[in-house]
Amino acid sequence: MQTLKDNAGLFEEAFANAIVASEASRGVTISKPVVKQSTTFATVVVEPPPTPMPTNAPTSIPIGTSSPSGPAPPPAEEEEGDDTAMIIGIVIGCICGVALVGVLFFLYKRKKGE
């Protein structure tokens, strides 16, 4: 069984030819690239930057001054819409619930009667 390591030269040649053919199919002419297979692997560990130390600076704004972004916008008003759809949904749900309980009770009594 041959491995990629044994056929490194053939792999590099085939890979370079495939790149040239791929670019040619897009209408781009390039020179044949130099492909070198590497057998070494590198592990890169990225450490997050250190968190800054907290300072003892005051965090509140003194009384009588405004924040840099200006006053807070007024809260959004809730729409006082028509609750008709909600009421209809509740009524239909209650009717279906009572009907379901009635059907289950009827089926239970009928089975007991057999």
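The values are calculated or read from the model by the stated rules, or taken from the named source; none is laboratory data. This is a predicted model, so every value here is computed, not measured.
Annotations
- Single residue of Ala57, Ala85, Ala76 found to be in a loop (DSSP other than H, G, I, E, B), modelled with pLDDT of 65 or more and not charged (D, E, K, R): Ala76
- Counting only residues that are part of a helix (DSSP H, G or I) and of a type in the set (Phe, Trp, Tyr), the stretch 8-47 holds 2 of them.
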